[in-house]
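Written out below as structure tokens is the structure these notes cover.
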Amino acid sequence: MEGFSYSDIFATKGIEYLVVITFLVLLIPFWRILNKPIELVRKFRMPLGKLTFKELEIPQGLYYGPNHTWLHLEKSGVAKVGLDDLLLHLTGRVSCSLLKQSGEKITKGETIAFIYQEDKKLQILSPVTGIIAQTNSTQFQNPTWINEDPYGNGWLYKIKPDNWILDSQKCYFANDAIVWAGKELSKIKDFLAESQKKYSHESSLVILQDGGELSDYTLASLSKQIWNDFETKFMMFPKP
């Protein structure tokens, strides 16, 4: 008939469906891009600014070794071992390599792990003598735990100590741990200030901020030489 036009409603709907599908196809990658920076921030946390005593986490109920390990004796008689918050505030984000297996006998002062940042590393010594009851193998599946949750999921080993009383006497507990952490931070500040003079040729050496405060993640930008010096001075047990 003249003046009459025919529209295929199914063809029209088909076009609408194609438009919707195209929109969704474009939206999904865009949504992923928007959320990507959040994931990067979680995995690659940047320095927070100044490192002061109030920034440190020192949970009570734990024993703190002079080599920046912590211990917690569980009801089963097994001691959980990890790294303290002060050390991780200095190193920045690190990865960890566990050297021991369940059932192995270890002695206090024996190397049980390494932490790494690029080509730099620090050795971690056992704060107790005993037998490895369990290694935290999930560290390899969740490498952010050691940085994000050092006193929780980021533990390294569970060790059955031979003589808990003797070994724990060399650690700091309760208020003594708080006092020690404050003094240790002051010693580290002095050490890094001396390193700044000793290795002044390093153009990237930025240790102290305005007001003489340490920069958070200070060791992260420093050389292997300074990491080695730090290990000798702060990661070893005092000689009897």
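What number goes with the only condition from (1) touching a Gly at 6+ places or on another chain (Cβ under 7 Å); (2) in a strand (DSSP E or B) that residue 115 does not pass?
So residue 115 meets the others, but not (1).
For segment 116-167, name all the residues that are touching an Asp or Glu at 6+ places or on another chain (Cβ under 6 Å) and of a type in the set (Ser, Thr, Tyr).
Those that are touching an Asp or Glu at 6+ places or on another chain (Cβ under 6 Å) and of a type in the set (Ser, Thr, Tyr): 126, 129.
Taking the condition of being modelled with pLDDT of 80 or more and either closer than 15 Å to residue 82 by Cα or in contact with a Gly (Cβ under 9 Å, 6 or more places away or on another chain) (or both), how many residues in segment 43-54 meet it?
Looking only at segment 43-54, we keep the residues that are modelled with pLDDT of 80 or more, and these are 50-54.
Among the residues that remain, those that are also either closer than 15 Å to residue 82 by Cα or in contact with a Gly (Cβ under 9 Å, 6 or more places away or on another chain) (or both) are: 50, 53.
Qualifying residue count for the region: 2.
Look at segment 48-62 and say how many of its residues are of a type in the set (Lys, Arg) and assigned to a strand (DSSP E or B).
Step one: filter segment 48-62 for residues of a type in the set (Lys, Arg), giving 50, 54.
Okay, now just the ones that are also assigned to a strand (DSSP E or B), so 50.
Of the residues in segment 48-62, 1 are of a type in the set (Lys, Arg) and assigned to a strand (DSSP E or B).
So for segment 147-155 (the condition being assigned by TED's automatic domain parsing to the domain that holds residue 97, out of contact with any His (no Cβ under 7 Å at 6 or more places or on another chain) and closer than 24 Å to residue 105 by Cβ), does at least one residue qualify? Even if it seems obvious, please write down each step before you answer.
Step one: list which residues in segment 147-155 are assigned by TED's automatic domain parsing to the domain that holds residue 97, which gives 147-155.
Keeping just the survivors that are out of contact with any His (no Cβ under 7 Å at 6 or more places or on another chain) gives 147-155.
Imposing the further condition that a residue be closer than 24 Å to residue 105 by Cβ reduces the set to 155.
Scanning segment 147-155 turns up at least one residue that is assigned by TED's automatic domain parsing to the domain that holds residue 97, out of contact with any His (no Cβ under 7 Å at 6 or more places or on another chain) and closer than 24 Å to residue 105 by Cβ.
So, in segment 183-206, of the ones that are surrounded by 13 or more Cβ atoms within 10 Å (Cβ to Cβ) and not in a helix (DSSP H, G or I), which residue ends up modelled with the highest pLDDT? Lay out the reasoning, then the answer.
We begin by selecting, within segment 183-206, every residue surrounded by 13 or more Cβ atoms within 10 Å (Cβ to Cβ); these are 184-185, 188-189, 191-193, 195-196, 198-199, 202, 205.
Keeping just the survivors that are not in a helix (DSSP H, G or I) gives 199, 202, 205.
Details: 199: 82, 202: 58, 205: 52.
Applying the filter and picking the extreme gives 199.
Looking at 159, 165, which is the one that is assigned by TED's automatic domain parsing to the domain that holds residue 69 and part of a helix (DSSP H, G or I)?
Numbers: 159 fails: part of a helix (DSSP H, G or I).
From the options 159, 165, the qualifying one is 165.
Please specify each residue of segment 119-148 satisfying the condition of being under 14 Å from the mean Cα position of the chain (by Cα) and in a loop (DSSP other than H, G, I, E, B). Show your work before the answer.
Kept after step one, since they are under 14 Å from the mean Cα position of the chain (by Cα), are these residues of segment 119-148: 121-122, 124, 139-140, 142-148.
140, 142, 143, 144 - these are the residues of segment 119-148 that are under 14 Å from the mean Cα position of the chain (by Cα) and in a loop (DSSP other than H, G, I, E, B).
When segment 66-101 is examined, which residues are found to be in a loop (DSSP other than H, G, I, E, B) and more than 17 Å from the chain's Cα centre (by Cα)? Can you show your working first?
At the first step, the residues of segment 66-101 found to be in a loop (DSSP other than H, G, I, E, B) are 66-68, 74-78, 84, 92-94, 99-101.
Hits for segment 66-101 are 66, 74, 75, 76, 77, 78, 99, 100, 101.
I'd like the residue in segment 102-112 that is surrounded by 14 or more Cβ atoms within 10 Å (Cβ to Cβ) and assigned to a strand (DSSP E or B) and, out of all such residues, is nearest to the chain's Cα centre (by Cα).
The extreme case among them is 112.
Let me spell it out: the conditions are (1) closer than 27 Å to residue 222 by Cα; (2) surrounded by fewer than 15 Cβ atoms within 10 Å (Cβ to Cβ), and residue 175 meets all of them except one. Which number is the exception?
For residue 175, the failing item is (1).
Looking at 95, 102, can you tell me which residue is of a type in the set (Ser, Thr, Tyr), at pLDDT below 95 and out of contact with any Asp or Glu (no Cβ under 6 Å at 6 or more places or on another chain)?
Values: 102 fails: at pLDDT below 95.
After applying the criteria, what remains is 95.
The values are calculated or read from the model by the stated rules, or taken from the named source; none is laboratory data. Since the model is a prediction, treat every value here as computed from it, not as a measurement. Quick reminder, even Gly has a Cβ in these numbers, built from the backbone with ideal geometry, and neighbours come from all protein chains shown.
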